[in-house]
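Notes to accompany the following structure.
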Amino acid sequence: MSALHLTQSGFHALERLVAAESWEMGGALGVAADPYPHQIENLRRILADTEVRHLLADEVGMGKTVQALMILNILRRRDPSLRVAIVAPERICYQWQVELSARGHIAASILSDEDENVERPEGEGYVHIIRADMIRRQPARPSPEN
């Protein structure tokens, strides 16, 4: 990337940061995208709840990733110690990594089997992408006690 493109990118990032700080939902506009009205409405609904546990399910191209990034930015501003795990099928982990970097200005690593026992300094990489196949290696077997 040329120095001109890096400078332009830096100015655009600063512009979004200023917009994010001046908006009532500080942080949401820090994402490199123009939010649609339905995204703003979803943000308000999600952030008004006492517990943030929602499923963003919509048609392709409706901005689920952008909404997730806006929510992530707002929650991070509210709690700087926030740590996030994005669990995704392997085929879209790289796509998440690119979106986090390009739109959210977040450096996220894709965790692999080799990373399970790696210790990270506090605050380093607050977003991690985890391949879904790493979560459950054995099928769940219900027990009579549970």
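Read-outs throughout are calculated quantities, based only on the coordinates presented, and are distinct from any laboratory measurement. What you see is a predicted model, and the numbers here were worked out from it, not measured in a lab. Cβ sites come from the backbone with ideal geometry, for glycine too, and all protein chains shown count toward neighbours.
Gain on full extension, evaluated as 0.36 nm per residue between ASP79 and VAL52 minus their Cα-Cα distance, stands at 8.4 nm.
Multiplying the residue separation of MET134 and ASP34 by 0.36 nm and removing their Cα-Cα distance gives an extension gain of 32.6 nm. Protection proxy ranking for 3-9, 98-104, using the average of other Cβ atoms within 10 Å per residue and placing the highest first: 98-104, 3-9.
Using a simple spin-label model with pseudo-atoms 7 Å out from Cα toward Cβ, SER112 and LEU6 lie 2.8 nm apart.
Backbone geometry of the range 73-81 corresponds, through the Karplus equation with coefficients 6.51, -1.76 and 1.60 at θ = phi - 60°, to 3J(HN,Hα) couplings of 4, 5, 5, 5, 5, 5, 9, x, 8 Hz, x marking Gly and Pro. Here the peptides 44-56, 62-74 are ranked by packing, the mean other Cβ count within 10 Å, and the order with the highest first is 62-74, 44-56.
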